[in-house]
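Heads up: the structure comes next, in C-alpha cells.
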Amino acid sequence: MFIKCKNGLRKWLDSHTFSAVHGYVQIVTMFGWMILLHFTSACYVIYLLTGLCGYYCRGVCNQDKRGFFKKSERLHLVAASVFSLLMIAANYDIYRSMLKPIVASIIQISTVRSFHAHSSLVVFLLFLFCFPFLFLGGMYIAYFILKYVTEKVAAFSWTAVSRTSGAGRVFLITFGLLTVVHASVFWLSFYPGTLSGDSVVQITQALNNRYNNLHPVYHTLLIKFFLMIGLDVFNDINAGVALYSVFSVLFTSAVFAYGVVTLYQLHISKKIIVAVTAVYLVLPQHIFYSFTMWKDVIFSAFVLLFTVALFRYVEKVGHGSRLNRLMVLCGALGMCLFRGNGFIVLLLTIVAFAFLFRKRMRKMCVSLTAILVAAYIVTFPVLSAFRLEQPDFVELASVPIQQVARTLKYDNDLDDRQVELISHVADVDDLAAKYYPYLSNNLKFHIRDYGNQEYLQEHKLAFLALYIQLGLTHPKSYLIAWVDQTKGFWNAGYDHRRFIFYCEENELGIRQTVTSKGMNSAVHAWAKLFEYFELLKPFVSIGFHTWLLLLVCFLGYRKKDRLMVLLTVPCLAIVFSLLIGTPAFAEFRYAYALFCCLPFLAVAAFRKPSSKENIKNS
C-alpha cells in the first residue's frame, strides 16, 4: 500500500498538472507576499525590490518538473524557509492589524457567552490561511534568488591575478580623493566635528582623568591625545576636537583606499573599482561618520582593515606576507580595544579560521589567539589594577531584561518568590511600566538608580534560573520582546536615527562653526535624500545589508570557497553580538562595519577559489 502511494505521488509530481498548479502557487503566493507586506512598519520598498528580484530569478532559473524537490536543492529550501519565517516574525503586527476589525465585528454580532468560541475560530482560520500564504511567498522569493546566484555565478566569476605595479599610485589617488572630499565637508560645514552625548562624556573623562570602560578607555585616551595637543599648542579645545576629526578622516580614508587598492592588485575591472570608490566617497554614512567622534567609526574601520588584510594574507596579494600579517594583527587588536564586542568578533573568527583551514593556517591562528589574550589582559586585568570601572552586568543584559520586563507588563502572573527576587534589584511595577519595545535604556537606568547591583552579581544563578523559568512559561512574550529589540538588524530597514549633524550642548566650550552655509545645506539635503527617498533607503538599511552579507556567505559556501566564508565571519559575529545584547533595536552606528566591509566582500565573493597550493601555511 505504501509503495503504491509513493509511486502515485511520484507520478503526480512528474505530471504536467502538478507543474502547472505549482507554478500558479508560486506566482500567487509571491505576489501575495508583496501585497500583504505593504502594511509593514519596516521599509516596504526593500520587500518590493526583493520580491521583484525573486520574480525575475524565477523566470531565468532552470526549472524542471521536480527540481524544487531535488536533494541538491535542500540547502536552498532550508535557507529560504528560515528567511521567510524571520520575515513573518518581524511583521507579527500585521496579524494584529488584520485581526482588530474582525474581532470588533464578532463582538457586535456575538453574545458574551459565544464570543470566545467565535473569535478563537476566526483567529485560527485567519492564521491557517495567512501563515502558509506569507510563508510560501517569502520562501519562493528567497529560494529563487539563491538558486539564481548559485547557478549563474560562473558567468560573473573572475580569477584573482596578483600584480604590484601601480598599486602605490592607486592608493594615493584613492586616499587623496576620499580625504579631500570628506575633509572639505568637515571643515566647511561641521568644524570641529560632530559630537553626541557619548562623545561629550568621553571628552569629559579625558579632561578629568576619570575613566570607565563603558566607553572603551583606549578610545578615550586617543581622544585625550588630540585634546592635549589642541590645548597645549593652540590653547583651544575646539582645535583638539578638530585634530581628532582630521585623524578620523585620514584613518578611515586610508582603510577604504587599502580595500580599493587590493581590488586593483587583483586585476578587477576599472569600472568596479570606480564603483567601490564611489560608494566610500559619496554615501552619507561614510561622509558624516568620517568626522564623528564615535568609537564605532574607528572600530568599523579596524574591522575592514582586518577583513582586507586577511584576504591579502591568504591570497598572497602584494610584495610579501609579513606586511599583510602585520595588518591582520593590527586590525584584530584594534577591534578588541575599540569596542567591547570586538572580543566576540575575534574569538569567533579564530574558531572559524581553525575549522575552515585546520592546520594550513596554524601560524596565523596562533598569532590571532595571542592578540586576543593580550587584548584581554590590557582591557581587564590591567585596567582593573588601575581601579577603572568596567561595564556593569546590566549593560550586557539588555535583551534578557527587555524580555523579563515585557513578561511583567503583559503576562504578570509571577509567584511571590519570583517577585521577591526581582524586587531586590528593581521595583516590579516600575520595571513593567518603563518597558519600551525598542530601547532598554529606561530599564537599565531604573536598575542602576535602584542601587543594588551587588545583589544581582551575587545571585546570578538565581536570576538565570528565573529567566529560564519565565521563558519556558511565556515563550511568546520572550519571542516578541526579542523580535522588537533586534529586528532592526535583520529585517528590512526602519526609520531610526542614522546620522548626527551637531555638537551636543556642553559646558566645555566646544561649539560647531559653519563656514559655508551652501555646503551645509547641500550635505544636509544629501543625507535627508537617503532618509526619505524610498529607492535610496536600501543603501542605508542595516537589515538589507545583513541579507547581502548572508548571501555572500551562502555563495562562498556553495562555491566551497573557505576564504570567502571566513571573511564574512567578523561582520556576522557583530550581528550575532547585537542579537544577544543590543540596547537599541536599529542603532546604525552599531552595524556600521557592515557598510564598510560589504563593498569589498561583494566584489571578492565572485572570485574563483584558490587551489589548495595557494592556501598552504606560509
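Within the range 276-291, is even one residue farther than 26 Å from GLU531 by Cβ and in contact (Cβ under 8 Å) with a residue 12 or more places away in the chain? Spell out how you get there, then give the answer.
Filtering the range 276-291 for residues farther than 26 Å from GLU531 by Cβ gives none.
No.
Name the pairs whose Cβ atoms lie under 6 Å apart, with the first residue in the range 319-336 and of a type in the set (D, E, K, R), the second assigned to a helix (DSSP H, G or I), and 6 or more positions between them or separate chains?
ARG325/TYR313
For the range 199-208, how many residues meet the condition of being hydroxyl-bearing (Ser, Thr, Tyr) and open to solvent by less than 20 Å² (accessible area, probe 1.4 Å)? I'd like the intermediate steps shown before the answer.
Pass one, the range 199-208, residues hydroxyl-bearing (Ser, Thr, Tyr): 199, 204.
Keeping just the survivors that are open to solvent by less than 20 Å² (accessible area, probe 1.4 Å) gives 199.
Residues in the range 199-208 being hydroxyl-bearing (Ser, Thr, Tyr) and open to solvent by less than 20 Å² (accessible area, probe 1.4 Å): 1 in total.
Could you tell me which residue of the range 318-362 is least open to solvent (accessible area, probe 1.4 Å), considering only residues that are closer than 30 Å to LEU221 by Cα and among the basic types (Lys, Arg)?
Filtering the range 318-362 for residues closer than 30 Å to LEU221 by Cα gives 322-350.
Now drop any that are not among the basic types (Lys, Arg), which leaves 322, 325, 339.
On the way: ARG322: 207, ARG325: 54, ARG339: 35 Å².
Ranking the qualifying residues of the range 318-362, first place goes to ARG339.
Residues checked against (1) over 25 Å from THR379 (Cα atoms); (2) in contact with a Cys (Cβ under 9 Å, 6 or more places away or on another chain); (3) open to solvent by 70 Å² or more (accessible area, probe 1.4 Å):
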| site | (1), (2), (3) |
| --- | --- |
| ILE401 | yes, no, no |
| LEU414 | yes, no, no |
| GLU420 | yes, no, yes |
| SER423 | yes, no, no |
| LYS434 | yes, no, yes |
| ASP449 | yes, no, yes |
| GLU454 | no, no, yes |
| LEU464 | yes, no, yes |
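Looking at this structure, is SER521 of a type in the set (Gly, Ala, Ser) and in contact (Cβ under 8 Å) with a residue 60 or more places away in the chain? So that I can check it myself, show each step before the final result.
Numbers: of a type in the set (Gly, Ala, Ser): yes; in contact (Cβ under 8 Å) with a residue 60 or more places away in the chain: no.
No, not satisfied.
Considering each of LYS444, LYS487, LYS434 in turn, give the residue that is without any contact (Cβ under 8 Å) to a residue 60 or more places away in the chain and of a type outside the set (A, V, I, L, M). Spell out how you get there, then give the answer.
On the way: LYS444 fails: without any contact (Cβ under 8 Å) to a residue 60 or more places away in the chain; LYS487 fails: without any contact (Cβ under 8 Å) to a residue 60 or more places away in the chain.
The match here is LYS434.
Could you check how many residues of the range 550-576 are modelled with pLDDT of 95 or more and of a type outside the set (A, V, I, L, M)?
Going through the range 550-576 one residue at a time, the tally reaches 4.
Return the pair list, or none, for Cβ contacts closer than 9 Å from residues in the range 374-399 that are within 23 Å of TYR455 (Cα to Cα) to residues that are among the acidic types (Asp, Glu) and open to solvent by less than 30 Å² (accessible area, probe 1.4 Å), at least 6 apart or on different chains.
none
Considering HIS215, HIS219, which residue is within 27 Å of PRO599 (Cα to Cα) and of a type outside the set (A, V, I, L, M, F, W, C)?
None of the others qualify; the one that does is HIS219.
Six or more apart or on different chains, Cβ under 7 Å: which pairs go from a residue in the range 402-430 that's of a type in the set (A, V, I, L, M) to one that's outside any helix (DSSP H, G or I)? Could you list them?
As it stands, the answer is ALA405/TYR435; VAL425/ASN452, since those pairs meet every condition given.
Somewhere in the range 223-241, is a residue polar (S, T, N, Q) and either over 29 Å from the mean Cα position of the chain (by Cα) or closer than 23 Å to LEU326 by Cβ (or both)?
The answer is yes, given that some residue of the range 223-241 is polar (S, T, N, Q) and either over 29 Å from the mean Cα position of the chain (by Cα) or closer than 23 Å to LEU326 by Cβ (or both).
Across the range 224-262, what is the total count of residues that are in contact (Cβ under 8 Å) with a residue 40 or more places away in the chain and either within 20 Å of LEU178 (Cβ to Cβ) or among the aliphatic types (A, V, I, L, M) (or both)?
Count: 22.
Would you check which residues across the range 310-325 are assigned to a helix (DSSP H, G or I) and among the hydrophobic types (A, V, I, L, M, F, W, C) and list them?
As a first pass, look at the range 310-325 and keep what is assigned to a helix (DSSP H, G or I): 310-315, 321-325.
Of everything in the range 310-325, those that are assigned to a helix (DSSP H, G or I) and among the hydrophobic types (A, V, I, L, M, F, W, C) turn out to be LEU310, PHE311, VAL314, LEU323.
With the condition being more than 25 Å from SER440 (Cβ to Cβ), I'd like the helices (runs of 4 or more DSSP H) fully within the range 348-426 carrying at least 3 qualifying residues. Quick ask: steps written out before the conclusion?
Numbers: elements: 362-379, 381-385, 393-396, 398-410, 416-423.
Those helices (runs of 4 or more DSSP H) span 362-379, 381-385.
Read through the list (1) in contact (Cβ under 8 Å) with a residue 60 or more places away in the chain; (2) touching a Phe, Trp or Tyr at 6+ places or on another chain (Cβ under 6 Å), then give the number of the only condition that LEU535 fails.
(2)
Given the structure, is LEU479 open to solvent by less than 30 Å² (accessible area, probe 1.4 Å), farther than 17 Å from ASP392 by Cβ and either out of contact with any Leu (no Cβ under 9 Å at 6 or more places or on another chain) or not polar (S, T, N, Q) (or both)? Write out each step before concluding.
On the way: open to solvent by less than 30 Å² (accessible area, probe 1.4 Å): no; farther than 17 Å from ASP392 by Cβ: yes; either out of contact with any Leu (no Cβ under 9 Å at 6 or more places or on another chain) or not polar (S, T, N, Q) (or both): yes.
So LEU479 does not fit the description; no.
VAL569 versus (1) in contact with a Ser or Thr (Cβ under 7 Å, 6 or more places away or on another chain); (2) over 29 Å from PRO284 (Cβ atoms): which is the lone unmet condition?
Result: VAL569 passes all but (2).
Under 8 Å by Cβ, and 6 or more places apart or on different chains, what pairs join a residue from the range 454-466 that is closer than 19 Å to ASP416 by Cβ with one that is part of a helix (DSSP H, G or I)?
Final answer for the pair search is HIS459/LEU421; ALA462/LEU421; PHE463/LEU421; PHE463/LEU456; LEU466/VAL404; LEU466/GLN418; LEU466/LEU421; LEU466/ILE422.
The values are calculated or read from the model by the stated rules, or taken from the named source; none is laboratory data. Just so you know, these numbers come straight off a predicted model, no measurement behind them. Ideal geometry is used to build each Cβ from the backbone, glycine not excepted, and the neighbour counts take in all protein chains shown. What goes into the accessible areas is simple: the full protein's heavy atoms, side chains included, and nothing from ligands, DNA or RNA. Shrake-Rupley method; radii C 1.70, N 1.55, O 1.52, S 1.80 Å.
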